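The values are calculated or read from the model by the stated rules, or taken from the named source; none is laboratory data. Remember, predicted model here, so these are calculated numbers, not experimental data. Positions of Cβ are generated from backbone atoms using ideal geometry, with glycine treated the same way; all protein chains shown enter the neighbour counts.
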Amino acid sequence: MKVFWRLLGFLRPYRWGVIASLVLATVAMASGVVIPYLVGRAVDQIRVGELVLWPLALAIVGAGIGRMLFSAVRRVVAGRVSLGVEYDLRGRVYGHLQSLELGYFDTQQTGQLMSRATVDLQAVRFFLGYGLVFIVQALVTLVVAAAVMIAVNPGLAAIALSTSPLVVVAAARYGRLNRPAAQEVQQRIAELTAEAEENVSGVRVVKAFAREERQLGRFRHAVGRVFEQSMVSTRLRAFYNPLIAFLPQISLAAVLLVGGGQAASGTITLGEFVAFFFYVTLLAGPMRMLGVSLGMAQRAIASGARMFEVLDREPRLSAPPGAPPLPPGEGRVELRGVSFAHENGAEVLRNVDLDVAPGRTVALVGATGAGKTTLVNLIPRLYDPTAGELRVDGADIRSVDTA
């Protein structure tokens with residue numbers, strides 16, 4: 001739930017758009033809830049021989065037009081919120097990546113980072129822009145329809161709503177089972193993206209050594225892993241979504257039997273029975289929408305957790321607060337007892353002393369992997385030495401702002 005609440009924080013700049021979207025969704029659903037009542041009134045008027053039905057017909061058309069218009073505006077507002085969240089997320093993720101030191105990228109696959117900045121970001125964007133509204137819209141429809149049914153006939157309402165606890169249990173169980181499955185799907189998609197990126201960026205090497213078939217086999221293996229894990233989520237969705245949609249049908253059959261008997265005996269009017277029947281069928285759509293939206297929420301939480309792994313990584317080579325800029329000078333470079341080891345513990349440099357005077361050219365000679373490039377990368381502070389100090393024009397490179 002911590003990830004969920006952190007994701008909601010991205011909606012803060014668009015809170016008025018979110019509120020407007022929720023209000024529009026509520027009004028649109030309320031317009032739809034009125035229609036069964038109007039149909040029931042029309043049926044009762046026909047039974048008593050009242051043939052002036054055009055006011056009710058106009059009211060039904062008006063409710064339908066109102067629902068259409070409010071839904072259209074809501075989609076525009078929700079789309080604007082969704083795209084705004086995507087804009088902000090992209091800027092924040094890419095901006096944070098730019099602030100991280102080179103050593104971080106040495107330990108990460110480029111494809112993994114690209115997946116977090118694209119695939120995972122899209123999953124979060126769709127939920128915050130649309131899925132959240134769908135959930136609220138479904139809940140509003142259920143509450144309003146339930147209130148109207150209770151007002152019309154409390155007994156039939158109890159029968160119609162009797163399967164609601166089962167729907168809640170099924171939805172909760174689906175969410176609990178699908179969350180780890182969704183997380184694994186996102187991870188395997190990231191692995192697939194990394195595999196594709198490495199193949200494309202290294203295509204010259206692949207062709208130079210005629211390794212096309214081997215790389216194709218590796219890519220097919222990665223695709224197969226995505227397929228297998230996606231099928232786990234698909235099987236869960238294939239069972240729980242139809243189940244959630246089916247449970248209201250049990251209530252529908254019970255209402256048909258009990259309500260039909262009451263209408264036949266005159267306990268309720270035929271119009272009340274028809275209206276009530278429409279309300280029960282109206283519950284099926286929100287129930288189905290709730291199942292789909294919960295799946296969307298699980299994917300967003302899984303993707304959000306992967307995004308926060310990047311965003312929560314603090315830069316390790318930032319300048320101290322209030323650090324002065326690098327002083328002007330001729331470019332003297334001094335290394336005093338410098339050692340360097342990568343995060344995996346492999347030591348590359350040990351106790352290196354070097355003094356390069358301004359204007360002097362120094363050649364670094366050694367075998368591949370001896371640390372020549374690493375030593376040069378210390379000067380612009382792409383890495384920090386693990387021991388010793390590096391000075392440029394007399395200033396310790398870690399105590400000044402090199403930006």
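For the range 156-210, give me each residue that is exposed (fewer than 15 other Cβ atoms within 10 Å of the Cβ), more than 21 Å from Met296 (Cα to Cα) and either free of Cβ contacts under 8 Å to residues at least 12 places away in the same chain or touching a Leu at 6+ places or on another chain (Cβ under 9 Å) (or both). Answer for the range 156-210, where residues must be exposed (fewer than 15 other Cβ atoms within 10 Å of the Cβ), more than 21 Å from Met296 (Cα to Cα) and either free of Cβ contacts under 8 Å to residues at least 12 places away in the same chain or touching a Leu at 6+ places or on another chain (Cβ under 9 Å) (or both): Ala158, Pro165, Val200, Gly202, Val203, Arg204, Val205, Lys207, Ala208, Phe209, Ala210.
Note on the range 324-359: residues that are surrounded by 14 or more Cβ atoms within 10 Å (Cβ to Cβ) and either free of Cβ contacts under 8 Å to residues at least 24 places away in the same chain or assigned to a loop (DSSP other than H, G, I, E, B) (or both) total 4.
For the range 1-35, filtering for residues that are among the small types (Gly, Ala, Ser) and farther than 18 Å from Met68 by Cβ leaves 2. Against the test of being under 40 Å from the mean Cα position of the chain (by Cα) and buried (at least 17 other Cβ atoms within 10 Å of the Cβ), the options Ala30, Ala42, Ala78 yield a single qualifying residue, Ala78.
From the list Arg332, Arg313, exactly one residue is among the basic types (Lys, Arg) and in contact with a Gly (Cβ under 9 Å, 6 or more places away or on another chain). Which is it?
None of the other options fit; the residue is Arg332.
Could you run through the range 123-135 and say how many residues are closer than 22 Å to Gly95 by Cα and either of a type in the set (Phe, Trp, Tyr) or in contact (Cβ under 8 Å) with a residue 60 or more places away in the chain (or both)? Residues in the range 123-135 being closer than 22 Å to Gly95 by Cα and either of a type in the set (Phe, Trp, Tyr) or in contact (Cβ under 8 Å) with a residue 60 or more places away in the chain (or both): 4 in total. Inspect the range 261-281 for any residue being loosely packed, with under 14 Cβ neighbours inside 10 Å, over 34 Å from the mean Cα position of the chain (by Cα) and more than 30 Å from Leu166 (Cβ to Cβ) and give the result as yes or no. There is at least one residue in the range 261-281 that is loosely packed, with under 14 Cβ neighbours inside 10 Å, over 34 Å from the mean Cα position of the chain (by Cα) and more than 30 Å from Leu166 (Cβ to Cβ).
Taking residues in the range 100-122 that are touching a residue at least 24 places away in the same chain (Cβ under 8 Å) and of a type in the set (S, T, N, Q), and partners anywhere that are surrounded by fewer than 16 Cβ atoms within 10 Å (Cβ to Cβ) and outside any helix (DSSP H, G or I), the pairs with Cβ atoms closer than 7 Å and at least 6 places apart or on different chains are Thr107/Glu343.
Being modelled with pLDDT under 80 and within 18 Å of Glu343 (Cβ to Cβ) is a property that holds for Gly369.
Restricting the search to helices (runs of 4 or more DSSP H) fully inside the range 11-109 and requiring at least 2 residues that are among the aromatic types (Phe, Trp, Tyr) and closer than 21 Å to Arg125 by Cβ gives 54-99. One residue stands out in the range 364-374 among those that are within 15 Å of Leu335 (Cα to Cα) and assigned to a loop (DSSP other than H, G, I, E, B): the one that is nearest to the chain's Cα centre (by Cα), namely Gly371. Applying the condition of being among the charged types (D, E, K, R) and in contact with a Leu (Cβ under 8 Å, 6 or more places away or on another chain) to the range 360-388 and asking which residue is surrounded by the most Cβ atoms within 10 Å (Cβ to Cβ) yields Arg381. For the range 203-221, filtering for residues that are closer than 21 Å to Arg116 by Cα and assigned to a loop (DSSP other than H, G, I, E, B) leaves 0.
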